[in-house]
1. If Leu189 meets every condition in (1) surrounded by fewer than 19 Cβ atoms within 10 Å (Cβ to Cβ); (2) among the hydrophobic types (A, V, I, L, M, F, W, C); (3) not in a helix (DSSP H, G or I) apart from one, which number is that one?
2. Please state which one of Glu149, Glu173 is at pLDDT 85 or above, acidic (Asp, Glu) and surrounded by fewer than 18 Cβ atoms within 10 Å (Cβ to Cβ).
3. Please work out which residue is nearest to Thr115 (Cα to Cα), limiting yourself to the stretch 220-246 and to residues that are over 15 Å from the mean Cα position of the chain (by Cα) and surrounded by 23 or more Cβ atoms within 10 Å (Cβ to Cβ).
4. For the stretch 52-75, name all the residues that are hydrophobic (A, V, I, L, M, F, W, C), farther than 15 Å from Leu228 by Cα and at pLDDT 90 or above.
5. When the stretch 143-186 is examined, which residues are found to be of a type in the set (A, V, I, L, M) and in a loop (DSSP other than H, G, I, E, B)?
6. Would you confirm, using the coordinates I've provided, whether Phe172 is free of Cβ contacts under 8 Å to residues at least 12 places away in the same chain and over 23 Å from Glu30 (Cβ atoms)?
7. Please identify the pairs in which a residue from the stretch 266-281 that is closer than 21 Å to Arg140 by Cα has its Cβ atom under 9 Å from the Cβ atom of a residue that is of a type in the set (Lys, Arg) and in a helix (DSSP H, G or I), counting only partners at least 6 apart or on another chain.
8. Just checking, which of Tyr259, Tyr248, Tyr174, Tyr252 is among the aromatic types (Phe, Trp, Tyr), touching a helix residue (DSSP H, G or I) at 6+ places or on another chain (Cβ under 6 Å) and closer than 21 Å to Ser88 by Cα?
Amino acid sequence: MLKDLILILVGVLILILGVLIGVAYLVLLERKVLGYIQIRKGPNKVGFMGLLQPFSDAIKLFTKEQTYPVISNYMSYYFSPVISFILSLMIWILIPYYFNMISFSLGVMFFFCCTSLGVYTIMVAGWSSNSNYALLGGLRAVAQTISYEVSLALILLSSVMMIMEFNLIKFFEYQNLIWFIFLMFPLSLCWLSSSLAETNRTPFDFAEGESELVSGFNIEYSSGGFALIFLAEYSSILFMSLLFTLIYMGGYNLTLLFYLKLSFISFLFIWVRGTLPRYRYDKLMYLAWKSYLPISLNFLLFYLAVKIFFL
């Protein structure tokens, strides 16, 4: 029993290490792709073609002095990035392993618990900085994330209806003959744009709208705190790409193709950032409540009817 527990612990540590390296190179990929979109070179000095750039950035950020505003609420200011980072790593336990005895029969529920808790860290980060810009950014982020979580839950429920199971490993078994992206094409696009909004990415990055909010909720953070917020954001991007691949593009299988699909969806996040301008805030809310919510509710009823009819 003890050996099994040690094995699980080692597996989880290897997973976290893999995620952190993946996040480091996702940041590098983003900087390179944005560079070529804007007709310039990305980072290409540190190491061969800039391959060591993410590590030099990490060392620089974590060795800088930790500053904090005198009037900030210090404990919550200090710990909210840490909790945000821990939450974004906890979700990764959901990867449907074929080994290591970690298999969630209620994986979808666990995902929603973790993403819902992520809202509080942004809110506390914005509030505890005691800065008007940070508070505005935090409020925007909370309103946006809560709005899009509703449609995310309903869209995911449609997929759950098709397999009648909360375990993510079942998606592979049900997509042997046809991927769900062909059965649920409009919903998959809704899911992709909702996950863009959920992870506070362009064109929905109102929480950190540089042009009007001067970096938003994380404005007072520097060095390690900023790095942790940054890592949490990119870790959730990577996980959302994984989830899209699991649900709509054939499920989890340990082949090169699976990782290529995951990388492609991550690349889409970056491509969208390099291409689209920021949305207007009232239109963002309109999109969530007046477009995605009715669409996802109607599709949910439709797939429920399909399931009942074919049973």
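The values are calculated or read from the model by the stated rules, or taken from the named source; none is laboratory data. Worth saying up front: this structure is predicted, and the values here are computed from it rather than measured. Ideal geometry is used to build each Cβ from the backbone, glycine not excepted, and the neighbour counts take in all protein chains shown.
1. (3)
2. On the way: Glu149 fails: surrounded by fewer than 18 Cβ atoms within 10 Å (Cβ to Cβ).
Among Glu149, Glu173, only Glu173 is at pLDDT 85 or above, acidic (Asp, Glu) and surrounded by fewer than 18 Cβ atoms within 10 Å (Cβ to Cβ).
3. My answer is Gly225.
4. Of the stretch 52-75, the ones hydrophobic (A, V, I, L, M, F, W, C) are 52, 55, 58-59, 61-62, 70-71, 75.
Applying the additional criterion that residues be farther than 15 Å from Leu228 by Cα yields 52, 70-71, 75.
The one that is hydrophobic (A, V, I, L, M, F, W, C), farther than 15 Å from Leu228 by Cα and at pLDDT 90 or above: Leu52.
5. Met164, Leu168, Ile169, Leu177, Ile178, Met184
6. Values: free of Cβ contacts under 8 Å to residues at least 12 places away in the same chain: no; over 23 Å from Glu30 (Cβ atoms): yes.
No, not satisfied.
7. Partner pairs satisfying both residue conditions: Tyr281/Arg140.
8. Working: Tyr259 fails: touching a helix residue (DSSP H, G or I) at 6+ places or on another chain (Cβ under 6 Å); Tyr248 fails: closer than 21 Å to Ser88 by Cα; Tyr174 fails: closer than 21 Å to Ser88 by Cα.
None of the others qualify; the one that does is Tyr252.
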